[in-house]
Amino acid sequence: MIFDFFGARRKAVIGMVHIGALPGTPLYDAAGGMAKLIDDAGRDIEALQAGGIHAVMFGNENDRPYRLKAPEEGIAAMTAVVMALKPSLKVPFGVNYLWDPVASVAIGCAAGAAFVREIFTGLFASDMGMWEPDCAGALRLRRNLGRSDLKLLFNINAEFASSLDTRPIELRARSAVFSSLADAILVSGPLTGQAVDGSDLRKVKGAVTTVPVFANTGVTLDNVRDILGVADGCIVGTHFKVDGNTWNVVDGGRVKRFMDLVETIR
């Protein structure tokens, strides 16, 4: 069981393309401008694709401190970066504007993405304050923009946050599929680059049987065999970077070693 855009592929790996800080954010490199954002992301795409990645996802991880509602300049800039790099892509791609599901769907629809990742459901106490995503608004926008084929990946345990929903994680996962039409369920660790709890992943996979379940953070060469022994796939960002540092460039050698191992697992 896997998304249509992966065909019959099992145990799919999505590699992150971490776009540099976007215009209007504290860490934006105004001297380098949009050209630098595009060039840097393009270099990472080249390394990911050369390493055999199955799909890529654009994200604005460096727009720190994060906001829960995307500003207009951020949406415009991220869309421009994705569209500039789209001709270089040889694999399916997705987008994720942290932490706004409606903005993520808007960018995904405009850019012709195959999938979108975000926090769509739940209620969280977070570094950004009280977090209440607009799932209904995101799905209605997808419908209104004529992109019912756009897959929505629901991250159900938010990074940098604690759920105020006391239901077990597996029940929240089943509920997201039933009530909110999730196309996939993602299980995360507490922070970017930190591993998922193996017990949580097994519980969710056991409870969710109609859509794929992915590990969303902290997958490495050391744990990928165990992770893919449970999950249908994974999303990898930090581990593919030089020295395993989230903010470094993609290390093509790391990607190749990881994907070679994944092929033996598959």
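The values are calculated or read from the model by the stated rules, or taken from the named source; none is laboratory data. Bear in mind that the values here come from a model prediction, so they are computed numbers and not experimental data. Note that we place each Cβ from the backbone using ideal geometry, even for glycine, and neighbour counts take in every protein chain shown.
Listed values, structure above:
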item: Evaluation of Met130 against (1) surrounded by fewer than 13 Cβ atoms within 10 Å (Cβ to Cβ); (2) more than 25 Å from Leu171 (Cβ to Cβ) (one fails), failing number; result: (2)
item: From Leu123, Leu48, Leu68, residue being under 24 Å from Ala35 (Cα atoms) and at pLDDT 95 or above; result: Leu48
item: Residues satisfying the stated conditions in segment 184-205, i.e. surrounded by fewer than 16 Cβ atoms within 10 Å (Cβ to Cβ) and closer than 19 Å to Ala12 by Cα; result: Gly198
item: Strands (runs of 3 or more DSSP E) (entirely within segment 153-228) containing at least 2 residues that are among the β-branched types (Val, Ile, Thr); result: 184-187
item: Test for Asn248: is it surrounded by fewer than 16 Cβ atoms within 10 Å (Cβ to Cβ) and closer than 25 Å to Leu37 by Cα; result: yes
item: Criterion violated by Arg174 - all others in (1) surrounded by 21 or more Cβ atoms within 10 Å (Cβ to Cβ); (2) at pLDDT 95 or above satisfied; result: (1)
item: Complete set of residues in segment 213-228 that are surrounded by fewer than 21 Cβ atoms within 10 Å (Cβ to Cβ) and out of contact with any helix residue (DSSP H, G or I) (no Cβ under 8 Å at 6 or more places or on another chain); result: Asp222, Asn223
item: Test: Asp197 is touching a helix residue (DSSP H, G or I) at 6+ places or on another chain (Cβ under 9 Å), modelled with pLDDT under 95 and among the acidic types (Asp, Glu); result: yes
item: Segment 102-126: number of residues that are in contact (Cβ under 8 Å) with a residue 40 or more places away in the chain, surrounded by 24 or more Cβ atoms within 10 Å (Cβ to Cβ) and in a helix (DSSP H, G or I); result: 2
item: Residues located in segment 133-152, provided they are of a type outside the set (D, E, K, R), part of a loop (DSSP other than H, G, I, E, B), buried (at least 16 other Cβ atoms within 10 Å of the Cβ) and out of contact with any Phe, Trp or Tyr (no Cβ under 6 Å at 6 or more places or on another chain); result: Leu150
item: Condition broken by Ile2, with the remaining ones in (1) of a type in the set (Val, Ile, Thr); (2) modelled with pLDDT of 95 or more; (3) more than 19 Å from Lys241 (Cβ to Cβ); (4) part of a loop (DSSP other than H, G, I, E, B) satisfied; result: (2)
item: Boolean, Asp44 is touching a residue at least 60 places away in the same chain (Cβ under 8 Å), over 16 Å from Ser104 (Cβ atoms) and buried (at least 22 other Cβ atoms within 10 Å of the Cβ); result: yes
item: Residues of segment 226-263 satisfying the condition of being β-branched (Val, Ile, Thr) and over 14 Å from Ile53 (Cα atoms); result: Ile227, Val230, Thr238, Val242, Thr246, Val249
item: Looking only at segment 47-74, and only at residues there that are assigned to a loop (DSSP other than H, G, I, E, B) and among the hydrophobic types (A, V, I, L, M, F, W, C), the one that is nearest to Ala161 (Cα to Cα); result: Leu68
item: Qualifying residue in segment 190-203 (condition: under 26 Å from Lys151 (Cα atoms), aliphatic (A, V, I, L, M) and out of contact with any strand residue (DSSP E or B) (no Cβ under 7 Å at 6 or more places or on another chain)); result: yes
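Listed here are the residues, each with its yes/no results for (1) within 16 Å of Gly15 (Cβ to Cβ); (2) touching a residue at least 40 places away in the same chain (Cβ under 8 Å).
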{"site": "Glu170", "(1), (2)": "no, no"}
{"site": "Ala207", "(1), (2)": "no, no"}
{"site": "Val219", "(1), (2)": "yes, no"}
{"site": "Asn223", "(1), (2)": "no, no"}
{"site": "Phe258", "(1), (2)": "yes, yes"}
{"site": "Thr264", "(1), (2)": "no, no"}
